[in-house]
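The values are calculated or read from the model by the stated rules, or taken from the named source; none is laboratory data. None of the values given here were measured: they were computed from a predicted structure. Note that each Cβ is placed from the backbone with ideal geometry, even for glycine, and that neighbours are counted across all protein chains shown. Ligands, DNA and RNA are stripped out before the accessible areas are found, and what is left, the full protein with its side chains, is counted by its heavy atoms. Shrake-Rupley method; radii C 1.70, N 1.55, O 1.52, S 1.80 Å.
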Amino acid sequence: MTNGICTLGNDYVYDQVVALINSIEANGGENLPVCIYPYDNRLDKIRKLVASRPNVHPFEDQAAIDRWDNWVQKIWSYHPTASEKWLAVNGEAGIHRMGTHRRLCAFEGPFDRFIYMDADTLLLDSPQPIFDALDKVDWVTYDFQYKDLSHVFDLSADKLRRLFSEEALQRKSFCSGFYGAKRDVINLQDIEWYLQQLAQGDAEVLYPMAPDQTILNYFVLRKPVDSINLAFSLPLEKR
């Protein structure tokens, strides 16, 4: 069973990636492998960093990247208003923060169990409790995003509470900047089923301005994936 940590990166956030990797080596161990998924093609400095850190590896499966890029394009093509909202905000056509979706490639990545961490986060303690929790469930989160669901789903969507109970929204919603998961928890058959549901109207519940976060939450709640939020399950004095 291979455990590892994943992140997204490019040369624009190089300093943040270095800080994250330093924190992983300090608190997770120098032998804990790290995989960097490419946000885009600006990777010259990242490639040099990878060459100097034996525990750090780039994700270079272009077929997987293309596959997920294509699925993301399909997902957002079903949303009734996303393209207009993005055009108004960004002044140009195209999916908002497209590169953030590359974290989805971890479902075809090198680790059987992985922790995803945004490049602007740091590991401040051992990640072992997350991996231990993955012995019991398929998805682990540890945050308080449930207190503000406005960046998780479109709260005005009529279908939202027909799809998900209030309890599920409160206990299962999470921030996509940090989570633990098993590689095969989302597979090809799941994607085909998700796409069918989204095409039939589910897409209206997605929140376009946090595109990767809303998709991941949809995946987890819609399947549903067996998940746990440590912000609920840990004893109060440890939260």
task = Among the residues of segment 144-166, count how many are open to solvent by 70 Å² or more (accessible area, probe 1.4 Å), part of a helix (DSSP H, G or I) and not acidic (Asp, Glu).
result = 4
query = Can you spot a residue in segment 222-237 that is more than 20 Å from residue 132 (Cα to Cα), part of a helix (DSSP H, G or I) and either in contact (Cβ under 8 Å) with a residue 60 or more places away in the chain or not basic (Lys, Arg) (or both)?
reply = no
Pick from segment 173-191, criterion polar (S, T, N, Q) and either open to solvent by less than 10 Å² (accessible area, probe 1.4 Å) or in a strand (DSSP E or B) (or both), ranking: nearest to residue 64 (Cα to Cα) = 176
message = Need pairs with beta-carbon distance below 6 Å; first residue modelled with pLDDT of 95 or more and within segment 200-213, second assigned to a loop (DSSP other than H, G, I, E, B) and crowded, with 20+ Cβ neighbours inside 10 Å; sequence gap 6+ or separate chains.
response = 203/79; 205/154; 206/79; 207/154; 212/176; 213/176
query = Taking interchain pairs and intrachain pairs at least six residues apart, which have beta carbon atoms under 8 angstrom, with the first residue in segment 6-17 and closer than 10 Å to residue 43 by Cα and the second open to solvent by 10 Å² or more (accessible area, probe 1.4 Å) and among the basic types (Lys, Arg)?
reply = 10/42; 11/42; 11/45; 12/42; 14/45
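Collect the residues in segment 60-70 that are hydrophobic (A, V, I, L, M, F, W, C) and open to solvent by 20 Å² or more (accessible area, probe 1.4 Å), keeping them in residue-number order.
Answer for segment 60-70, where residues must be hydrophobic (A, V, I, L, M, F, W, C) and open to solvent by 20 Å² or more (accessible area, probe 1.4 Å): just 63.
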remark   = Those residues of segment 98-143 which are open to solvent by 20 Å² or more (accessible area, probe 1.4 Å), more than 26 Å from residue 164 (Cβ to Cβ) and part of a loop (DSSP other than H, G, I, E, B) amount to 110, 112, 120, 121, 122, 124, 125, 126, 135
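Go over the candidates 93, 88, 82 one by one and state the one that is open to solvent by less than 10 Å² (accessible area, probe 1.4 Å) and over 25 Å from residue 187 (Cα atoms). Break it down into steps so the answer makes sense when it comes.
Working: 93 fails: open to solvent by less than 10 Å² (accessible area, probe 1.4 Å); 88 fails: open to solvent by less than 10 Å² (accessible area, probe 1.4 Å).
Answer to the selection: 82.
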request  = Within segment 1-49, count every residue that is β-branched (Val, Ile, Thr), part of a helix (DSSP H, G or I) and surrounded by fewer than 18 Cβ atoms within 10 Å (Cβ to Cβ).
outcome  = 1
